[in-house]
Amino acid sequence: MRFVSLLLAALGVSTAAAELIELSYTYNKDAPTSSKITPFVHKQIKKGYDKLGFWVELADFCTSEHSGTHLDAPVHFAEHGWPVEAIPTRRLWRVPAVVIDVSKNIRPDLPNYEVKVKDLEDWEAANGVIPDGSLILVRTGWGAKVNRLSEYLGLDSNNNQNSPGLGKGAAEWLVNHGKKHGHRTGVVGFGIDTVSVDVGKSVRYPSHVILYKENIYGIENMANLDKLPVKGALVTVLPVRIGGGSGAPARIIAEVGEASSAPSPLPSVLLLVVMIGAVLAKEIIVA
């Protein structure tokens, strides 16, 4: 085993276990959902022993594509954007994430705070250029209100929603970031711990339009962003693969720790060498 570990280390493959962090809320009647769409409904059909003596549980559920923690597919606000099933897997699996914390800017008298270009530039000034192929996560601290839905939605006396979101200028900055730095892919997704990519009071949803037109997907109602480092985490987004879906409920997991380095681009032949080396090492020890 020591031989194998040394060989993996030499090839840049980490064998350390990463900490896994849940970034999605449980789907139940309390799942955070915009007041404008269908909430999650769960109906028990069967719970108990059947006539053969086997325990059986069975239920139906009904929900919007955009309830709870969910992925917005680009087609949601872009006629020719990708639907859920067309988003390339490589843009969903172990994506490098950067966390931009704007919670200090959120005030009771400014619930519709717009994330600005300055917020993004300040992050880069402190942490370096956002890597190619990144998922951008904005932490507003709004998730602390999630157990009080009316506060989380920011409902006012007219029943209108109010919450932080991405400003138009910042959305344009993210869309152009890859080209500016000569990146091959650019930003692949944007996530936030509020009910919407745009500010709650928005009616034109400019950031939805700007991002999704470029096939940059969105994630809304994210949990536990305060548990992630500003960079270095890998995030896997697992939406329900709805054919033609404009969005889908999603399970989202972050890997944090030594093993959360980007997947090694080892060709198959090198992986084969690792396997053969392990077998040879075992044979040498036995001999």
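Treating cross-link reach as a plain straight distance, find the aspartates and glutamates whose alpha-carbon is under 16 Å from the alpha-carbon of Lys43, omitting any fewer than eight places away in the same chain.
Asp30, Glu57, Asp60
Diagonalise the Cα gyration tensor of region 77-197 and give the resulting equivalent ellipsoid semi-axes, square root of 5 times each eigenvalue, largest first, whole Å.
27, 18, 13
If ligands, DNA and RNA are left out, what is the accessible area of Glu124 with a 1.4 Å probe, given in Å² to the nearest 10?
Its heavy atoms expose roughly 30 Å² to the probe.
How do His181, His70, His42 rank by accessible surface area computed with a 1.4 Å probe, from largest to smallest?
I get His42, His181, His70, largest accessible area first.
Sorted by accessible area with a 1.4 angstrom probe, largest first, how do Glu255, Glu220 fall?
Output order, biggest surface exposure first: Glu255, Glu220.
Among the lysines, select those whose C-alpha is under 24 Å from the C-alpha of Lys179, and discard any that sit fewer than 8 residues away in the same chain.
The reachable lysines, counting only those whose Cα sits under 24 Å from Lys179, are Lys116, Lys118, Lys168, Lys213, Lys231.
Compute the separation of the alpha-carbon centres of region 86-133 and region 20-85 and state it in Å as a whole number.
Their Cα centres are 27 Å away from one another.
Counting only the heavy atoms of the protein chains, how much of Arg107 is accessible to a 1.4 Å probe, in Å² to the nearest 10?
Number for this one is 120 Å².
Seen from all sides and averaged, what is the projected area of the convex hull of the Cα atoms in region 129-260, in nm²?
In nm², the orientation-averaged hull projection of region 129-260 is 9.2.
Can you send over the carbon and sulfur percentage of the accessible area for region 111-234, probe radius 1.4 Å, protein chains only?
The computed percentage sits at 46.
Straight-line reach from Lys201: which aspartates and glutamates have Cα under 17 Å away, leaving out those fewer than 8 places along the same chain?
Filter leaves Asp109, Glu114, Glu151, Asp156, Asp193, Glu220.
The values are calculated or read from the model by the stated rules, or taken from the named source; none is laboratory data. These numbers were taken from a predicted model, which means no experiment stands behind them. Calculation scope for accessible area: heavy atoms of the full protein, side chains included, ligands and nucleic acids excluded. Shrake-Rupley method; radii C 1.70, N 1.55, O 1.52, S 1.80 Å.
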